[in-house]
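**Student:** I have a structure here, written as structure tokens, and I will follow up with some questions on it.
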Amino acid sequence: MSTLLTRRELIAGIGVLSLGVLASFDSVAGTFKYGWDLSGQARGRSFTLKDPQSNQKTLASYQGRVPMIFFGFTQCPAACPTALARAVKIKKLLGPDGDRLKVIFITLDPERDTPAVLDAYVKAFDPTFEALYGNLEETAATAEEFGVFYEKNPIGSTYTLSHTAMSYVYDAKGVLRLGFSQSRTEQECVEDLLTVMKAS
Amino acid sequence: MNFRSRKTVVIKPLAQAAILFSLLGMAWQASAQTRIDDAWVRATVPGQQSTGAFLKITSSTDSKLVSVQSPVARTVQMHHSTMQNEVMRMDPVDSVALPAGKTVVFDPDSYHVMLIGVYAQVKEGDKVPLTLTVEGANGKTETITVEASARALNSSDSGKMN
């Protein structure tokens with residue numbers, strides 16, 4: 001994709017891409033019962049972000065683990081805490097396999113989500129959850145790479161964010177496998193996650 | 001927990017107590033009565049500027065919720081979440097319709113109250129006052145103040161206590 005695309009074109013493009021994902025879900029019987037089969041899609045292969053301790057992280061940093069990545073912002077009242085609370089339940093339901101899962105929260109709001117706030121936020125859910133952040137450009141590039149849509153919605157002197165509320169799952173070799181809709185239950189996610197874990 | 005409405009009319013304490021007791025007995029017979037159940041606020045971490053409040057609201061007559069106020073935040077708004085093509089969007093709303101007898105649920109999937117610019121960290125167990133203004137079909141307003149309890153940041157939603 002050319003870097004000369006305007007933001008509007010980019011957003012439109014991302015919209016079409018995600019529609020494509022939704023359409024393919026209906027027509028293709030995939031490997032998974034509940035999540036979208038994203039196997040082999042080239043999302044998230046080249047991001048470089050930082051954890052709250054300022055260590056650089058890429059997908060390769062999680063080799064051997066099964067990363068489940070969600071994009072959001074800490075001031076989100078609904079989708080983000082719901083997705084992270086579900087991840088807590090998923091990890092528990094997985095039992096011993098829960099230790100293989102690595103839950104990663106990438107902020108779409110680096111202007112307000114400082115490393116300290118991010119770290120406290122994800123660890124309030126589970127001490128093993130990890131937050132990642134970048135500057136505005138790195139955040140935009142990472143979201144684009146994942147096909148994650150986000151935009152600021154101004155409210156008076158402040159703003160909220162609209163954003164894609166999907167959780168992306170990679171296998172232990174770093175290959176994208178699954179996309180979980182926000183509406184999937186923890187039990188449904190666990191079933192598909194076990195399929196990924198057994199194969200890797 | 002039920003909080004019954006109190007009209008914003010200045011009444012002497014004794015009379016007020018009498019009215020309160022008679023209201024409890026009258027249940028749904030009063031002309032405009034609004035009940036708030038399960039009001040809660042999601043706790044925050046230090047430095048986090050906003051959070052959401054959730055509740056169930058039932059009005060005995062057709063009316064609408066026109067505002068929510070709280071001393072804990074600079075700005076309080078009612079928002080509505082919608083999910084389309086896996087994108088979660090939140091929009092401020094001016095009012096929320098309360099059809100007679102129907103419980104309207106404010107939960108993370110639909111309406112919620114946004115507490116924007118909280119003055120201090122909201123800790124689990126804190127009592128957060130919320131003052132709701134409900135306007136009846138006749139244009140009369142009533143205000144109800146409830147104490148929402150702060151639940152852990154990782155609470156799932158208003159319907160399930162974890």
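The values are calculated or read from the model by the stated rules, or taken from the named source; none is laboratory data. Just so it is clear, the structure is predicted and the values come from calculations on it, not from any experiment. Note that each Cβ is placed from the backbone with ideal geometry, even for glycine, and that neighbours are counted across all protein chains shown.
**Student:** What is the residue count in the range B:100-129 for residues that are away from chain A (no Cβ under 14 Å) and closer than 13 Å to B:K56 by Cα?
**Tutor:** Residues meeting the conditions: 4.
**Student:** All but one of (1) at the interface with chain B (Cβ under 10 Å from one of its Cβ atoms); (2) within 15 Å of A:T74 (Cβ to Cβ); (3) modelled with pLDDT of 95 or more hold for A:T160; which doesn't?
**Tutor:** (3)
**Student:** Looking only at the range A:168-196, which residues are out of contact with any Lys or Arg (no Cβ under 6 Å at 6 or more places or on another chain) and either facing chain B (nearest Cβ under 10 Å) or hydrophobic (A, V, I, L, M, F, W, C) (or both)?
**Tutor:** Hits for the range A:168-196 are A:A172, A:V175, A:L178, A:G179, A:F180, A:S181, A:Q182, A:S183, A:C189, A:V190, A:L193, A:L194.
**Student:** Conditions: (1) closer than 17 Å to A:Q75 by Cβ; (2) within 14 Å of chain B (Cβ to nearest Cβ); (3) surrounded by fewer than 21 Cβ atoms within 10 Å (Cβ to Cβ). A:P127 meets all but one. Number of the miss?
**Tutor:** Here A:P127 clears every test but (1).
**Student:** Among the residues of the range A:148-164, what is the count of those that are without any contact (Cβ under 8 Å) to a residue 12 or more places away in the chain and in a strand (DSSP E or B)? Working first, answer last.
**Tutor:** In the first step, residues of the range A:148-164 are kept if they are without any contact (Cβ under 8 Å) to a residue 12 or more places away in the chain; the result is A:152-159.
After this cut, where a residue has to be in a strand (DSSP E or B) as well, the list is A:152-155, A:158-159.
So the count comes out to 6.
**Student:** Which of (1) within 12 Å of chain B (Cβ to nearest Cβ); (2) under 14 Å from the mean Cα position of the chain (by Cα); (3) assigned to a helix (DSSP H, G or I); (4) at pLDDT 95 or above does A:E145 not meet, given it meets every other one?
**Tutor:** The failed condition is (1).
Table: residues versus (1) crowded, with 17+ Cβ neighbours inside 10 Å; (2) of a type in the set (G, A, S); (3) out of contact with any Ser or Thr (no Cβ under 8 Å at 6 or more places or on another chain).
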| residue | (1), (2), (3) |
| --- | --- |
| B:P108 | yes, no, no |
| B:G117 | no, yes, no |
| B:E124 | no, no, yes |
| B:T131 | no, no, no |
| B:E135 | yes, no, no |
| B:N138 | no, no, yes |
| B:E147 | no, no, yes |
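**Student:** Applying the selection to the range A:33-70, what residues are under 16 Å from A:L132 (Cβ atoms) and among the aromatic types (F, W, Y)?
**Tutor:** Across the range A:33-70, the qualifying residues are A:F47, A:Y62, A:F70.
**Student:** A further question follows. Just wondering, is there one or more residues in the range A:81-96 that are in contact with a helix residue (DSSP H, G or I) (Cβ under 7 Å, 6 or more places away or on another chain), under 20 Å from B:G52 (Cα atoms), charged (D, E, K, R) and buried (at least 18 other Cβ atoms within 10 Å of the Cβ)?
**Tutor:** yes
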